[in-house]
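Asks: Next up is a structure, given as structure tokens.
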Amino acid sequence: MLVRFGFEGCGFFYCVRRLGGTPPKVTMQTFISRSVLVPALATDEQIVNAVRNCPVCHTVETDTIAATDTEGTRIRATLKFPLSFKTCGYNYALNGTENHLAAALQLLACQQFDAVALLDVESTKEGYRFIFGPENLG
């Protein structure tokens, strides 16, 4: 049995299949269209296709460095591959999340990345995790 739910006005829908039977062929219609894998029912063919159709993405993690007697609050951004770091001063015109994103973008600029799409933002214990992918996803 397929269950469909979402927000019709913004084109966001996804379907889930209750366990039992064959896995569904459904896509998540957000800003990216990708196959949905049901972990308990995924076939080898679905896994191979999912990996082949997955774009190369980059993860930037950020954390806050507290102010000291000699320096103000800073944001450190870390790119996992290729391994690189960038420390940026805190911009008080931006809020916390915006400061972390600005630091992540400055790090990508230092690595000479072309335009990127922000795919996901996740709050972590230390700061944020940003997932960037190619600008032409769709």
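Asks: Out of the stretch 41-71, which residues are more than 20 Å from the chain's Cα centre (by Cα) and closer than 24 Å to residue 121 by Cβ?
Replies: 65, 66
Asks: In addition: Part of a strand (DSSP E or B), of a type in the set (A, V, I, L, M), touching a strand residue (DSSP E or B) at 6+ places or on another chain (Cβ under 6 Å) and open to solvent by less than 80 Å² (accessible area, probe 1.4 Å): is that true of residue 107 in this structure? Write out each step before concluding.
Replies: Values: part of a strand (DSSP E or B): no; of a type in the set (A, V, I, L, M): yes; touching a strand residue (DSSP E or B) at 6+ places or on another chain (Cβ under 6 Å): yes; open to solvent by less than 80 Å² (accessible area, probe 1.4 Å): yes.
Against the criterion (part of a strand (DSSP E or B), of a type in the set (A, V, I, L, M), touching a strand residue (DSSP E or B) at 6+ places or on another chain (Cβ under 6 Å) and open to solvent by less than 80 Å² (accessible area, probe 1.4 Å)), residue 107 does not qualify.
Asks: If I ask for residues that are closer than 16 Å to residue 63 by Cβ and exposed (fewer than 14 other Cβ atoms within 10 Å of the Cβ), which ones from the stretch 74-86 would you list?
Replies: Scanning the stretch 74-86 gives 80, 83, 85.
Asks: Just give me the residues in the stretch 73-98 being under 20 Å from the mean Cα position of the chain (by Cα), part of a strand (DSSP E or B) and β-branched (Val, Ile, Thr), in sequence order. So that I can check it myself, show each step before the final result.
Replies: Taking the stretch 73-98 as the starting set, the residues that turn out to be under 20 Å from the mean Cα position of the chain (by Cα) are 75-86, 95-98.
Subset that is part of a strand (DSSP E or B): 75-79, 84-86.
Listed by number, the residues that qualify are 75, 78.
Asks: Okay, next question. Scan the stretch 44-60 and give yes if some residue there is touching a helix residue (DSSP H, G or I) at 6+ places or on another chain (Cβ under 6 Å), outside any loop (DSSP other than H, G, I, E, B) and at pLDDT 85 or above, otherwise no.
Replies: Yes - at least one qualifying residue is present in the stretch 44-60.
Asks: Right, next: Is there a residue in the stretch 128-137 that is over 28 Å from residue 53 (Cβ atoms), open to solvent by less than 60 Å² (accessible area, probe 1.4 Å) and touching a strand residue (DSSP E or B) at 6+ places or on another chain (Cβ under 6 Å)?
Replies: No: zero hits.
Asks: Give the number of residues within the stretch 87-104 that are crowded, with 16+ Cβ neighbours inside 10 Å and of a type outside the set (Ser, Thr, Tyr).
Replies: Taking the stretch 87-104 first, the residues crowded, with 16+ Cβ neighbours inside 10 Å are 88, 90, 99-104.
Now drop any that are not of a type outside the set (Ser, Thr, Tyr), which leaves 88, 99-104.
Qualifying residue count for the region: 7.
Asks: Then there is this: List the pairs whose first member sits in the stretch 53-66 and is closer than 13 Å to residue 101 by Cβ, whose second member is among the basic types (Lys, Arg) and part of a loop (DSSP other than H, G, I, E, B), and whose Cβ atoms are under 9 Å apart, counting only residues at least 6 apart or on separate chains?
Replies: 60/80; 61/80
Asks: Next up: When you scan the stretch 61-70, how many residues do you find that are part of a strand (DSSP E or B) and among the β-branched types (Val, Ile, Thr)? Steps first, please.
Replies: As a first pass, look at the stretch 61-70 and keep what is part of a strand (DSSP E or B): 61-65.
This time we only want the ones that are among the β-branched types (Val, Ile, Thr), so: 62, 64-65.
Matching residues across the stretch 61-70 total 3.
Asks: A further question on this structure: Go through the stretch 119-131 and give me each residue that's under 16 Å from the mean Cα position of the chain (by Cα) and modelled with pLDDT of 90 or more. Reasoning before the result, please.
Replies: Kept after step one, since they are under 16 Å from the mean Cα position of the chain (by Cα), are these residues of the stretch 119-131: 119-124, 127-131.
If the condition is that a residue be under 16 Å from the mean Cα position of the chain (by Cα) and modelled with pLDDT of 90 or more, then 121, 122, 123, 124, 127, 128, 129, 130, 131 are the ones that fit.
The values are calculated or read from the model by the stated rules, or taken from the named source; none is laboratory data. Predicted, not measured: the structure shown is a model, and the values here were computed from it. For neighbour counting, all protein chains shown are included, and Cβ atoms are generated from backbone atoms with ideal geometry for every residue, glycine included. Heavy atoms of the whole protein, side chains included, go into the accessibility calculation; ligands, DNA and RNA do not. Shrake-Rupley method; radii C 1.70, N 1.55, O 1.52, S 1.80 Å.
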